[in-house]
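Novice: Mind having a look at this structure? Questions to follow.
The values are calculated or read from the model by the stated rules, or taken from the named source; none is laboratory data. Worth saying up front: this structure is predicted, and the values here are computed from it rather than measured. When we count neighbours, we look across all protein chains shown, and the Cβ atoms used for this are built from the backbone with ideal geometry, even at glycine.
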């Protein structure tokens, strides 16, 4: 589900009642644990944390009018999704997360390339997500992004 909102508060108002508290807790968990430099941004109709243009002026290669995305949060039709681009780009962090997930949840990990899905807010391992948010500084993330772009040319 994509919302037409311009800020986080509007996004929260649009959430189904049964997701509001859990979604806001997830948002606060990530926001409190992100390294300095990332900024909050509504993009693609979802709440996100990005590398601002003031740090990475090139923006996102798929749409240079958008800042470089790092973590996105979305309330989808049947789940809450966390889109973590670092997991998608770094095998070591992906391996760490998939191994650690088993220590933080009794549920099976439901994951795509960069998307981690939770059908119920009670299934979100907030402490693990907090640690995941700390895995990249802005500089490390931009360097990883740049190196992957260069390797694809």
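Novice: Evaluate region 106-113: report whether one residue or more is crowded, with 19+ Cβ neighbours inside 10 Å and not in a loop (DSSP other than H, G, I, E, B). Please lay out each step first, then the result.
Specialist: In the first step, residues of region 106-113 are kept if they are crowded, with 19+ Cβ neighbours inside 10 Å; the result is none.
No, region 106-113 contains no residue that is crowded, with 19+ Cβ neighbours inside 10 Å and not in a loop (DSSP other than H, G, I, E, B).
Novice: Against the conditions (1) more than 17 Å from residue 80 (Cα to Cα); (2) in contact with a strand residue (DSSP E or B) (Cβ under 7 Å, 6 or more places away or on another chain); (3) touching a residue at least 24 places away in the same chain (Cβ under 8 Å), where does residue 43 fall short? Just the number, please.
Specialist: Going through (1) more than 17 Å from residue 80 (Cα to Cα); (2) in contact with a strand residue (DSSP E or B) (Cβ under 7 Å, 6 or more places away or on another chain); (3) touching a residue at least 24 places away in the same chain (Cβ under 8 Å) one by one, residue 43 breaks only (1).
Novice: Does residue 94 qualify as being free of Cβ contacts under 8 Å to residues at least 12 places away in the same chain, touching a helix residue (DSSP H, G or I) at 6+ places or on another chain (Cβ under 9 Å), buried (at least 16 other Cβ atoms within 10 Å of the Cβ) and over 26 Å from residue 12 (Cβ atoms)?
Specialist: Yes: the conditions hold for residue 94.
Novice: Here's a follow-up. In region 114-132, what residues are part of a loop (DSSP other than H, G, I, E, B) and touching a strand residue (DSSP E or B) at 6+ places or on another chain (Cβ under 7 Å)?
Specialist: Step one: list which residues in region 114-132 are part of a loop (DSSP other than H, G, I, E, B), which gives 114, 119-120, 124-125.
If the condition is that a residue be part of a loop (DSSP other than H, G, I, E, B) and touching a strand residue (DSSP E or B) at 6+ places or on another chain (Cβ under 7 Å), then 114, 124 are the ones that fit.
Novice: Going residue by residue through region 84-107, is there one that turns out to be in contact with a strand residue (DSSP E or B) (Cβ under 6 Å, 6 or more places away or on another chain) and closer than 17 Å to residue 138 by Cα? If you could, list the steps in order and put the result at the bottom.
Specialist: Keep residues of region 84-107 that are in contact with a strand residue (DSSP E or B) (Cβ under 6 Å, 6 or more places away or on another chain), which gives 84-85.
In the following step, the residues that additionally are closer than 17 Å to residue 138 by Cα were identified as 84-85.
Yes - at least one qualifying residue is present in region 84-107.
Novice: I need a count of the residues in region 49-71 that are crowded, with 22+ Cβ neighbours inside 10 Å and out of contact with any helix residue (DSSP H, G or I) (no Cβ under 9 Å at 6 or more places or on another chain).
Specialist: Going through region 49-71 one residue at a time, the tally reaches 2.
Novice: Conditions first: (1) touching a strand residue (DSSP E or B) at 6+ places or on another chain (Cβ under 7 Å); (2) within 16 Å of residue 27 (Cα to Cα). Residue 75 passes all but one, so which condition is the exception?
Specialist: For residue 75, the failing item is (1).
Novice: Please find, within region 133-153, the residue that is farthest from the chain's Cα centre (by Cα) out of those that are modelled with pLDDT of 95 or more and assigned to a loop (DSSP other than H, G, I, E, B).
Specialist: Among them, the one singled out is 137.
Novice: Can I ask one more? Please verify whether region 126-138 includes one or more residues that are farther than 21 Å from residue 12 by Cα, buried (at least 17 other Cβ atoms within 10 Å of the Cβ) and without any contact (Cβ under 8 Å) to a residue 24 or more places away in the chain.
Specialist: Taking every residue of region 126-138 in turn, none turns out to be farther than 21 Å from residue 12 by Cα, buried (at least 17 other Cβ atoms within 10 Å of the Cβ) and without any contact (Cβ under 8 Å) to a residue 24 or more places away in the chain.
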